[in-house]
Amino acid sequence: MALSGRAALVAALGAVVAWLVPGWQGIALVTVPLLLVVLLDVALAAPVRSLRLQRSGATTVRQGDEAHVDLTITNPSNRSLRAEVRDAWPPSSWAPGTSYDGSRQSLTVPPGERRRLTTVLAPTRRGERRAEVVAIRSHGPLGFAARQGRHRVPWSVQVLPPFAARKHLPAKLARLRELDGRTSVLIRGEGTEFDSLRPYVAGDDVRSIDWRATARQSEVTIRTWRPERDRHLLLVLDTGRTAAGRVGDVPRLDASMDAALLLTALASRAGDRVDLVAHDRTTRVSVQGHSGRDVLPAVTRALTPLEPRLVETDPRSLVAAALAAAPRRSLVVLFTSLDSGVLEEGLLPVLPRLVQRHTVVVASVADPGIEEMTAGRGTVTAVYGAAAAARLTAERHRAAELLRRLGVTVVDAAPDRLPPSLADAYLSLKAAGKL
Amino acid sequence: MSATTTAVSPDSRALWRGGRGPLLGVVVVLVAGVLLAVLRSGDGGALRHDSPTPAGALALTTLLAEEGIRTTPVGTAAEAGRALGPDTTLLVAFPNAVPPSRLTDLRREAARADARLVLVSPGEGAVHRIAPGVELAGEAEVDERQPGCADPTARRAGGATLGGRVFDLSAVEGAAACYGQGSLGTLAVLGATDGTDGTRAATVLLGSPEFLTNDALADDGNAALAMGLLGATEKLLWYVPDGSEPPPEQDEQSLLDLTGDNWRWAAGQLVVAVLFAAVWRMRRLGPAVPERLPVRIRAAETTEGRARLYHRAGARGRAADALRESTRARLAPLVGVRPSAPVSELVRAVGDRTGRPSAEVEALLAGPEPADDPALIALADDLDTLREHVAQLPGAGARPSPAPPSQPPADPGRPPAPPKKDTP
């Protein structure tokens, strides 16, 4: 049960009565009837326990979009329900600053009817959001008091990664088609495969004439080629402590995910198979065996609940997991950090095993803040900051150089540049037939 | 109601089931408290003239009554003062419970009425009010003691159960310290000028009430001592403070006294209203929902920490090295020198391109550690100037240079081999 402000107001106005009739009887003259009215109001309010609640609506939403979750309230009693309803979700389910107003709604449900109210969620973080509880305050007809109770109506909304990099997808797909179109004519070489036979037209390279086919048919026939398809991509995300560091306001892991999603979308359109492994000391997520249109949804779902952990990544088991997930020659894209200590002591000694069998790309999220620090001048603090940032940059370049010497392609870019850069690297490798 | 109900708030039955345990506990505690209070109420009649308990004094007053001495109980100091008269003894059973100002009044009135005062186990404040000059000198064990003094009453009584507070009478003329040693006594008789019968003793301080009680009255000479001390006069006033002592009068009136009744009751009703408002505001709509918070570490934190370390340690050499290395790495591709080439080669190339003296360029790119922080700041600016100078030269970077490792980190990185255009 709950009181309303009206009851307190009447009690305050009762001070006049207490002034006119000093003594306990004056106070009783006000308080006893007031309490009786409160009890009557509670008794007349529609019961909360017997309400029936049902949910429906969105189960997934991309971070930054709105999800509409409906709540249907049925009032089986013979009294009208005048209620204040709070649909309680974790704070990060609401757009910033609206967690109070967004969760509270008023509604009236006549006896025996039902009403639907819609909760608009705008999650600010990736992951799963679960509805906590629905609290209902049923006001009495006099407005002095209310009944209150809670219902638990389970519902969860998967908040998918924002995939901001999808804006780059059309441009990269255009490049992919260009690649396709260019090479499907006559250019033959490493990384291309047989596409089709077609009649010779003037201007075609005579070296492409397939004499065997020409002999079978009555006209001169040439072979055409296209970039190889059905290659295998393995995306390996390092979810250790270096992935937790925030660049801007986003963890490195989320920036890597963005790039991974763009790469997945691009590669699945290019006809390549994409698998994914997220690993720190153990394998956290593994997506394998999806193809075609299923890949992007599967990868998105798998990445949704993934959070970085504050542990040191075990590079040995990371490489072992990658090798196990890529039985045949693949393009292995390793999302990790180029911080020299981690890399030189951990990854560098074990990376050759991976490089032997696969083409390896290391993608790393660079911090634009470091670049700003490098440009710092004028004050002692700024110059020392610039020196520290310059040293870090030099170390990163040294690490990248060591990796390049191993034959690894290194993509080191700021969060907003990483997805297109990585897509470019993929397209270049594909065009070069390195897959 | 139905199996599909989603309600999770407890109904009245669940509330009763969950609440009856604690409620039972509260009831048990309350009942036990009331019982204990009833059973142990009062102080067991300690030193009351009509109490038959071991600590009471009914035996003594009965004995005195047989001797024809009337015992009159009084409850307040004012009453005692009014009843004082000649040939009267006033026994103050708990002088420490009497307001000090009242004790002073009592002493004055006793002196005026020529009455005797007997104080049982007085504290320091009470002693100073009643018998100036007497000091307390600690505590002694309550035991059978010998008088060891000239006071005739004590001598007649002989051994008695005394102890408790010890009075130091060394600073008082004409006083007898009994049941102690020398001028220290657990029974102090003051103003006993009449050496023959001691009936005129003005004030008696008792270190312990033990020998007056029903329990100990029959032992040793306790009865004789008590009779001697309290039965020397016709009337005995037995003053046990009953707690109804009116407080000392004050002339000031508080604001509450000045406001009218109506206003006070109106204010009382406002307090009730505040209670209603509190109940209204404190009831929240459902519980607070917890959030599983993500880790918040800025990736640049370690670098900033390193910068602060450089600063605190004054590591100008290291800082200058880092800045020079960064500038060298950026200059090398601009002037067409391998990144791995020795510094002298770079210095020569830069000197040639810019026309600056070699020595100046070398001091800038590979010079000594800056002497102080301003020099470091100046060095950073000079390096910037040099780099911009080289970058603005016509044809900078036009010569083929190897892949620069020193490009800004936004460089997408390049694959190990450029895409092949065609094949033979």
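The values are calculated or read from the model by the stated rules, or taken from the named source; none is laboratory data. What you see is a predicted model; the values in this text were computed from it and never measured. Counting neighbours? That spans all protein chains shown, and the Cβs are built from the backbone with ideal geometry, glycine included. Please note that ligands, DNA and RNA were not included when accessible areas were found on the heavy atoms of the full protein model with its side chains. Shrake-Rupley method; radii C 1.70, N 1.55, O 1.52, S 1.80 Å.
The residue list A:ALA400, A:ALA382, A:ALA366 contains one member that is touching a residue at least 12 places away in the same chain (Cβ under 8 Å), farther than 21 Å from A:ALA244 by Cβ and among the hydrophobic types (A, V, I, L, M, F, W, C), which is A:ALA400.
Inside the stretch A:71-82, can you point out the residues that are among the aliphatic types (A, V, I, L, M) and within 10 Å of another protein chain (Cβ to nearest Cβ)? Within the stretch A:71-82, no residue meets the criteria. Just wondering, is there one or more residues in the stretch A:379-398 that are more than 7 Å from chain B (Cβ to nearest Cβ), buried (at least 24 other Cβ atoms within 10 Å of the Cβ) and under 15 Å from A:VAL365 (Cα atoms)? No. Within the stretch A:410-429, the residues that satisfy the criterion of being open to solvent by 10 Å² or more (accessible area, probe 1.4 Å) and more than 7 Å from chain B (Cβ to nearest Cβ) are A:PRO415, A:ASP416.
Consider the stretch B:278-319 and keep the residues that are within 7 Å of another protein chain (Cβ to nearest Cβ) and of a type in the set (Val, Ile, Thr). The one that is nearest to the chain's Cα centre (by Cα) is B:VAL279. For B:THR72, the conditions (1) open to solvent by 40 Å² or more (accessible area, probe 1.4 Å); (2) β-branched (Val, Ile, Thr); (3) farther than 19 Å from B:GLU234 by Cβ are fulfilled apart from (3). Per this entry, A:VAL85 is counted among residues that are within 11 Å of chain B (Cβ to nearest Cβ) and part of a strand (DSSP E or B).
Quick grid of which residues meet (1) closer than 30 Å to A:ALA244 by Cα; (2) in a strand (DSSP E or B); (3) more than 10 Å from chain B (Cβ to nearest Cβ):
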residue	(1), (2), (3)
A:VAL69	no, yes, yes
A:ASP101	no, no, yes
A:LEU107	no, yes, yes
A:SER138	no, yes, yes
A:PRO141	no, no, yes
A:ALA146	no, yes, no
A:PRO154	no, no, no
A:GLN158	yes, yes, yes
A:ARG166	yes, no, yes
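Do we have any residue at all in the stretch B:396-413 that's over 20 Å from A:HIS397 (Cα atoms), open to solvent by less than 50 Å² (accessible area, probe 1.4 Å) and either at pLDDT 85 or above or out of contact with any His (no Cβ under 9 Å at 6 or more places or on another chain) (or both)? Yes: the stretch B:396-413 contains one or more residues that are over 20 Å from A:HIS397 (Cα atoms), open to solvent by less than 50 Å² (accessible area, probe 1.4 Å) and either at pLDDT 85 or above or out of contact with any His (no Cβ under 9 Å at 6 or more places or on another chain) (or both). Residue check: A:PRO33 meets all listed conditions (1) within 26 Å of A:ARG114 (Cα to Cα); (2) surrounded by fewer than 20 Cβ atoms within 10 Å (Cβ to Cβ) but one, namely (1).
To keep it simple, each residue is scored yes or no on (1) free of Cβ contacts under 8 Å to residues at least 12 places away in the same chain; (2) within 19 Å of B:LEU190 (Cβ to Cβ).
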position: B:GLY45; (1), (2): yes, no
position: B:ASP50; (1), (2): no, no
position: B:ALA55; (1), (2): no, no
position: B:GLU67; (1), (2): no, no
position: B:THR88; (1), (2): no, yes
position: B:LEU103; (1), (2): no, yes
position: B:ARG116; (1), (2): no, yes
position: B:GLY133; (1), (2): no, yes
position: B:GLU141; (1), (2): no, no
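One residue alone among B:ALA83, B:ALA14 is open to solvent by less than 40 Å² (accessible area, probe 1.4 Å), more than 26 Å from B:GLU124 (Cβ to Cβ), without any contact (Cβ under 8 Å) to a residue 40 or more places away in the chain and not charged (D, E, K, R), and that residue is B:ALA14. Screening the stretch A:234-352 for helices (runs of 4 or more DSSP H) wholly inside it with 2 or more residues that are free of Cβ contacts under 8 Å to residues at least 60 places away in the same chain, in the same structural domain as A:LEU403 (by TED's automatic domain parsing) and open to solvent by 30 Å² or more (accessible area, probe 1.4 Å) returns the ranges A:295-303, A:315-325. Take B:LEU90 and tell me if it is in contact with a Phe, Trp or Tyr (Cβ under 7 Å, 6 or more places away or on another chain) and either open to solvent by 60 Å² or more (accessible area, probe 1.4 Å) or modelled with pLDDT of 80 or more (or both). The answer is yes for B:LEU90. Condition check: within 21 Å of the chain's Cα centre (by Cα), among the basic types (Lys, Arg) and within 9 Å of chain B (Cβ to nearest Cβ). Does A:ARG125 satisfy that? When the stated conditions are applied, A:ARG125 passes them. Is it true that B:TRP265 is open to solvent by 80 Å² or more (accessible area, probe 1.4 Å), outside any loop (DSSP other than H, G, I, E, B) and not assigned by the TED database to the domain that holds B:GLY367? It is false that B:TRP265 is open to solvent by 80 Å² or more (accessible area, probe 1.4 Å), outside any loop (DSSP other than H, G, I, E, B) and not assigned by the TED database to the domain that holds B:GLY367. Taking the condition of a type outside the set (Lys, Arg), outside the structural domain of B:THR233 (by the TED database) and surrounded by 13 or more Cβ atoms within 10 Å (Cβ to Cβ), does B:SER51 pass? Taking the combined requirement at face value, the residue satisfies it. The numbered conditions (1) touching a helix residue (DSSP H, G or I) at 6+ places or on another chain (Cβ under 7 Å); (2) assigned to a helix (DSSP H, G or I); (3) at the interface with chain B (Cβ under 7 Å from one of its Cβ atoms); (4) surrounded by fewer than 21 Cβ atoms within 10 Å (Cβ to Cβ) are all true for A:GLY407 except (2). The residue pairs whose first member lies in the stretch A:1-25 and is facing chain B (nearest Cβ under 7 Å), whose second member is buried (at least 18 other Cβ atoms within 10 Å of the Cβ) and among the charged types (D, E, K, R), and whose beta carbons are closer than 9 Å, counting only pairs six or more residues apart or on different chains, are A:ALA2/A:ARG137; A:ALA2/A:ARG147; A:SER4/A:ASP41; A:ALA7/A:ASP41.
Being in a helix (DSSP H, G or I) and open to solvent by less than 50 Å² (accessible area, probe 1.4 Å) is the filter; apply it to the stretch A:353-367 and report the residue that is farthest from A:ALA431 (Cα to Cα). Only one residue tops the list, namely A:LEU354. In the stretch A:36-64, of all residues being in a helix (DSSP H, G or I) and out of contact with any Leu (no Cβ under 6 Å at 6 or more places or on another chain), the one that is least open to solvent (accessible area, probe 1.4 Å) corresponds to A:VAL38.
For the stretch B:150-169, a residue qualifies if it is farther than 19 Å from B:VAL120 by Cβ and either in contact with a strand residue (DSSP E or B) (Cβ under 8 Å, 6 or more places away or on another chain) or buried (at least 22 other Cβ atoms within 10 Å of the Cβ) (or both), and the qualifying residues are B:ALA150, B:GLY159. Taking the criterion of being within 21 Å of A:ARG86 (Cα to Cα), open to solvent by 60 Å² or more (accessible area, probe 1.4 Å) and assigned to a loop (DSSP other than H, G, I, E, B), the residues of the stretch B:268-295 that qualify are B:ARG283, B:ARG284, B:ALA288, B:PRO290, B:ARG292. Within the stretch A:312-366, the set of residues being over 30 Å from B:ARG298 (Cβ atoms) and among the aliphatic types (A, V, I, L, M) comprises A:ALA320, A:LEU323, A:ALA324, A:ALA325, A:ALA326, A:LEU331, A:LEU354, A:VAL355. Pairing each residue of the stretch A:197-209 that is closer than 12 Å to A:GLU219 by Cβ with any residue that is small (Gly, Ala, Ser), provided the two are 6+ apart or on different chains, yields C-beta distances under 8 Å for A:LEU197/A:ALA213.
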